[in-house]
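Right, one structure below, let's go through it.
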Amino acid sequence: MARRKVDYDGLMNQEFLTKGQAMAYTLRSEEKFNEEIRPYVHIYRAGHGGCYFLPELRKRMLDLVEISPIL
């Protein structure tokens with residue numbers, strides 16, 4: 001079965017994302033996602049696996065922001 005491209009516009013309209021969608025949204029590989037994101041957000045039971053709540057992912061991404069001085 002061929003893998004479909006991620007629908008980034010569709011992600012903006014959803015409230016719950018699968019793990020694959022959440023990794024695409026946060027621009028993280030599976031290793032980085034499991035290390036930096038997963039321990040800080042809830043996993044909700046849905047269908048065949050867990051889902052991540054988009055506002056929680058956004059909040060975690062804002063917590064990871066690094067502000068660098070202008071050079």
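Taking first residues from the range 31-42 that are in a helix (DSSP H, G or I) and partners that are open to solvent by less than 40 Å² (accessible area, probe 1.4 Å) and among the small types (Gly, Ala, Ser), the Cβ contacts under 9 Å between residues at least 6 apart in sequence or on separate chains come to PHE33/ALA22; ILE37/ALA22; ARG38/ALA22. Taking each residue of the range 15-26 that is touching a residue at least 60 places away in the same chain (Cβ under 8 Å) and of a type outside the set (Asp, Glu) and looking for partners that are surrounded by 18 or more Cβ atoms within 10 Å (Cβ to Cβ) and not in a helix (DSSP H, G or I) with beta-carbon atoms closer than 6 Å, six or more apart or interchain, yields nothing. The residue that is nearest to GLU15 (Cα to Cα), counting only those in the range 34-64 that are among the hydrophobic types (A, V, I, L, M, F, W, C) and open to solvent by 60 Å² or more (accessible area, probe 1.4 Å), is ILE43.
The values are calculated or read from the model by the stated rules, or taken from the named source; none is laboratory data. Quantities reported herein were computed from a predicted structural model and do not represent experimental measurements. Note that each Cβ is placed from the backbone with ideal geometry, even for glycine, and that neighbours are counted across all protein chains shown. Protein only, heavy atoms only, side chains kept; ligands, DNA and RNA dropped before computing areas. Shrake-Rupley method; radii C 1.70, N 1.55, O 1.52, S 1.80 Å.
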